[in-house]
Amino acid sequence: MKNFTFLVTLLLLTLGLASQASATDCGCSDADNALKNGSFESGTDFWSKSNGTNFGTDGGYNVCGSKNGLITGAGSVWQDASLEAGSKVNLTVYGGTHDNNQTHQFKLIFYNGATELSNVIVSMNYEVTGSSLNKYTLSGTAPAGATKVRFLLYSSGNYFKVDVACMSITPPAPATDCGCLAANNPIKNGSFESGTTDWLKSSGTNFGIDESYNMCGDKNGLIIGTGTIYQEVALVAGSKVDVNVYGGTHNTSLTHQFKLAFYDASGNKINSGEAVVDMNYNVVDSNLKQFSLSATAPAGAVKVRFSAYSGGDYLKIDVVCMSITTPSFCAECNNNTLQNGSFENGTANWNVTGTLGVSPNYAVCGTNGGKLTGAGKFWQDIEMLSTFGSEVTLTIYGAYNTANSQKFQLVFLSESEQVLGEITKDVTKSLTGDPLGLEKYTLVGNAPSGTKLVRVIASSLGNDFVVDNGCLTFSGVPLPVTLAAFNAKKEGTTALLSWSTTFESNSDYFEVQHSQDGKNWTALTSIEAQGESKALVPYSYTHTSPFAVNLYRLKMVDLDNTYAFSSIRSLNFDGDEQIKIYPNPTVDRIKLSSNQQISNVKLYNQSGVLVMNTIPDSGNEVDVTRLTQGTYFVKINNGSLMRKILVVR
């Protein structure tokens, strides 16, 4: 009886093991599995591992068969499978560990050669119970350019147990349109299924439809004898144009060509950027050959023409597929505060002195660019809100037909439209210079404290000045406060400083700073700020012991220690009854006021060297733009009185 029981038990165990061993795929057959040895019954064959990875097999946690894979400690194990872009990858795999505090992951990684394109990651966070593993599922679609997929197991430590890795790869469905989606193709009726609709032809061209050489659908186009057919598509300069087209002939000794050519807004062909491919394929049976053309639209281009030319006999054509890639600079300007910066709404939103119109001939984006004819300027004012960052960036395209002091400017204005600072960029690009068309200019700077308006100006002293694609943005940390005014005035022998704010958010304090040369500054005092306010708040400070020459500014500090400086104010306490010089400090000009007629002005540097000897203009002003930043001494009429000025750039 005991022997019988033993034999029965042995038989049942044998049948059980046989049953378990036979289910080596757990529903995943080797024929359908893109992975080899996915159940590790052949040990670690076909699996790659990173340096230092301890990888082998175990018999204690197998889901199917008699073995499972096992990473001991940290490391990675993987297997690659080839595929084509657009393929759908589905993977099931069993896994488990003894320590969920370590990182264990299953990954699907898509590659083009050695370049990783994308990945799908699933955390393997199952702590084994008994000898069972948990099932995981991963799915992904191979992106454009993908040539292979990698299934990878990663362990940061402890044990990583794995079994029955089963991957299916479903290739993308074959394209019924020969890879050319009608919705994305600007060429209409590119497969000639609607006959000759949408196609134009040159005079005398015999153009019709054939059904013997179709590559997709039931029809193909056919030119009999000599002639040209074409279509035109709108675009902007700088666009990349790619065309795929099928063609063939019975006589390659004659000229047959596919062409891309570009035209301006007046319908004139631009003699650059053209692409021509000889269609020299002699048809075999009923097959045509695919040809490719690529070209970039030159400046001034508003449309591209695709044409097929036949020098005689027959030209057979089918599946004309065009793609147009808009240039990166035509991407939307995020947070653009300019209105109508690309002149698509004519000259709306722009203030003008002179003659401003629009022209399509050199549009960078869209269909229009602004065109200033003759001397003049056009500008737009942008209110600087308290929420704006203090860094201002203007990008704008421009060029001239003849150089005549064309320039772009950013001007920072106070509430009373006093100029607080400016940035200027001279335009140096000719419309007809190589490359043809406009050039991008960038102006960047920090708005001085107290700025209420940022003015964008384009100006010219004559001739044509073409502008397009203007974009004005603000970035960085907003000013701690919105300064409404900052003034300095004499009160006897003291200097009274007063300022006010109209907006404060998280402001901490004002540091009143003093200097004699504009380079070395000392703190006179600190005054607590309001903190939070949307009302007008006044502040003041009296400097009881000013020097002969005094420069003042405010350092406005926020609670997070960010800060900004105000514009500079000056007070002089010597010789005011004889001569006044302002503004001081200055950027480009000084104005002199005296109780005597001024016939001569001399400027000396700090070493006493004469650097300028000039006569003021009719407004008693002197241009000092050729001077470098620094401190200078001014003498008028060769007198004995010297006054100090500061040139700030």
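The values are calculated or read from the model by the stated rules, or taken from the named source; none is laboratory data. Everything numeric in this text was worked out from a predicted model, so none of it was measured. Cβ sites come from the backbone with ideal geometry, for glycine too, and all protein chains shown count toward neighbours.
Of the residues Leu385, Leu372, which single one is at pLDDT 95 or above and either aliphatic (A, V, I, L, M) or surrounded by fewer than 19 Cβ atoms within 10 Å (Cβ to Cβ) (or both)? Working first, answer last.
Values: Leu385 fails: at pLDDT 95 or above.
Step by step, each of Leu385, Leu372 is checked, and only Leu372 is at pLDDT 95 or above and either aliphatic (A, V, I, L, M) or surrounded by fewer than 19 Cβ atoms within 10 Å (Cβ to Cβ) (or both).
Condition test on Thr92, is it farther than 17 Å from Lys107 by Cα and touching a strand residue (DSSP E or B) at 6+ places or on another chain (Cβ under 8 Å)? So Thr92 does not fit the description; no.
Starting from residues that are in contact with a strand residue (DSSP E or B) (Cβ under 6 Å, 6 or more places away or on another chain) and within 18 Å of Met215 (Cβ to Cβ), keep the ones in region 182-195 and report whichever is surrounded by the fewest Cβ atoms within 10 Å (Cβ to Cβ). Quick ask: steps written out before the conclusion?
Initial filter on region 182-195 (in contact with a strand residue (DSSP E or B) (Cβ under 6 Å, 6 or more places away or on another chain)): 185-187, 190-192, 195.
Within this subset, residues satisfying the condition of being within 18 Å of Met215 (Cβ to Cβ) are 185, 187, 190-192, 195.
Values: Asn185: 20, Ile187: 21, Gly190: 27, Ser191: 25, Phe192: 26, Gly195: 12.
Among those that are in contact with a strand residue (DSSP E or B) (Cβ under 6 Å, 6 or more places away or on another chain) and within 18 Å of Met215 (Cβ to Cβ), it is Gly195.
To keep it simple, each residue is scored yes or no on (1) in a strand (DSSP E or B); (2) crowded, with 18+ Cβ neighbours inside 10 Å.
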| position | (1), (2) |
| --- | --- |
| Trp499 | yes, yes |
| Thr502 | yes, no |
| Asp508 | yes, yes |
| Val512 | yes, yes |
| Ala523 | yes, no |
| Phe547 | no, no |
| Tyr552 | yes, yes |
| Asn561 | no, no |
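Going through Ala348, Ala308 one at a time, which residue ends up being modelled with pLDDT of 95 or more, of a type in the set (Gly, Ala, Ser) and either more than 27 Å from the chain's Cα centre (by Cα) or more than 19 Å from Thr442 (Cβ to Cβ) (or both)?
Just one listed residue meets the conditions, Ala308.
Number of residues in region 418-429 that are surrounded by 15 or more Cβ atoms within 10 Å (Cβ to Cβ) and under 11 Å from Gly398 (Cβ atoms) equals 3. Contact map, region 254-274: residues that are of a type in the set (Asp, Glu) paired with residues that are part of a strand (DSSP E or B), Cβ distance under 8 Å, separation 6+ or inter-chain. Pairs shown: Asp264/Ile270; Glu274/Lys259; Glu274/Leu260; Glu274/Ala261; Glu274/Phe262; Glu274/Ala295.
Pull up region 274-306, narrow it to residues that are farther than 25 Å from Cys365 by Cα and either in the same structural domain as Gly398 (by TED's automatic domain parsing) or of a type in the set (Gly, Ala, Ser) (or both), then point me to the one that is surrounded by the fewest Cβ atoms within 10 Å (Cβ to Cβ). It comes out as Ser292. Selection of region 389-416 for residues being closer than 29 Å to Ala485 by Cβ, in a loop (DSSP other than H, G, I, E, B) and not small (Gly, Ala, Ser) yields only Glu415. Candidates Ser76, Ser118: the one that is farther than 13 Å from Val164 by Cα and touching a Pro at 6+ places or on another chain (Cβ under 9 Å) is Ser118.
Taking region 118-162 as the range and being crowded, with 16+ Cβ neighbours inside 10 Å, of a type in the set (A, V, I, L, M, F, W, C) and over 21 Å from Gly56 (Cβ atoms) as the test, the residues that pass are Val120, Val122, Leu138, Ala142, Ala146, Val149.
Assess whether Ile645 counts as being assigned to a strand (DSSP E or B), at pLDDT below 80 and within 26 Å of Val411 (Cα to Cα). Yes. In the list Val319, Val352, Val364, Val358, which residue meets the criterion of being among the hydrophobic types (A, V, I, L, M, F, W, C), in contact (Cβ under 8 Å) with a residue 60 or more places away in the chain and outside the structural domain of Ser194 (by TED's automatic domain parsing)? Just one listed residue meets the conditions, Val364. The residue list Phe486, Phe510, Phe547 contains one member that is closer than 18 Å to Arg643 by Cβ, hydrophobic (A, V, I, L, M, F, W, C) and not assigned by TED's automatic domain parsing to the domain that holds Thr442, which is Phe547.
Every residue, every condition in (1) under 19 Å from Gln406 (Cα atoms); (2) out of contact with any Phe, Trp or Tyr (no Cβ under 8 Å at 6 or more places or on another chain); (3) hydroxyl-bearing (Ser, Thr, Tyr), yes or no:
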| residue | (1), (2), (3) |
| --- | --- |
| Asn368 | no, no, no |
| Phe378 | yes, no, no |
| Asp381 | no, yes, no |
| Leu385 | no, yes, no |
| Gly389 | no, no, no |
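Identify the residue in region 351-364 that is modelled with pLDDT of 90 or more and crowded, with 16+ Cβ neighbours inside 10 Å and, among all such residues, is farthest from Val456 (Cα to Cα). Walk me through how you get there before you give the answer.
Our first condition is that a residue be modelled with pLDDT of 90 or more; within region 351-364, this holds for 351-358.
Then keep just the ones that are crowded, with 16+ Cβ neighbours inside 10 Å; that gives 356, 358.
Details: Leu356: 15, Val358: 18 Å.
Applying the filter and picking the extreme gives Val358.
Within region 286-306, is even one residue part of a loop (DSSP other than H, G, I, E, B), of a type in the set (A, V, I, L, M) and touching a Lys or Arg at 6+ places or on another chain (Cβ under 7 Å)? Let's see the steps before the verdict.
In the first step, residues of region 286-306 are kept if they are part of a loop (DSSP other than H, G, I, E, B); the result is 286, 288, 297-302.
So of that shortlist, the ones also of a type in the set (A, V, I, L, M) come out as 288, 297, 299, 301-302.
Those left that are additionally touching a Lys or Arg at 6+ places or on another chain (Cβ under 7 Å): 288.
Yes.
This table checks each residue for (1) within 39 Å of the chain's Cα centre (by Cα); (2) under 18 Å from Arg569 (Cβ atoms).
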{"position": "Val444", "(1), (2)": "yes, no"}
{"position": "Phe465", "(1), (2)": "yes, no"}
{"position": "Ser500", "(1), (2)": "no, yes"}
{"position": "Gln513", "(1), (2)": "no, yes"}
{"position": "Gly518", "(1), (2)": "yes, yes"}
{"position": "Leu524", "(1), (2)": "no, yes"}
{"position": "Pro538", "(1), (2)": "no, yes"}
{"position": "Ser545", "(1), (2)": "no, yes"}
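Taking region 311-345 as the search range and keeping residues that are surrounded by fewer than 16 Cβ atoms within 10 Å (Cβ to Cβ) and β-branched (Val, Ile, Thr), which one is modelled with the highest pLDDT? Selected residue: Thr325.
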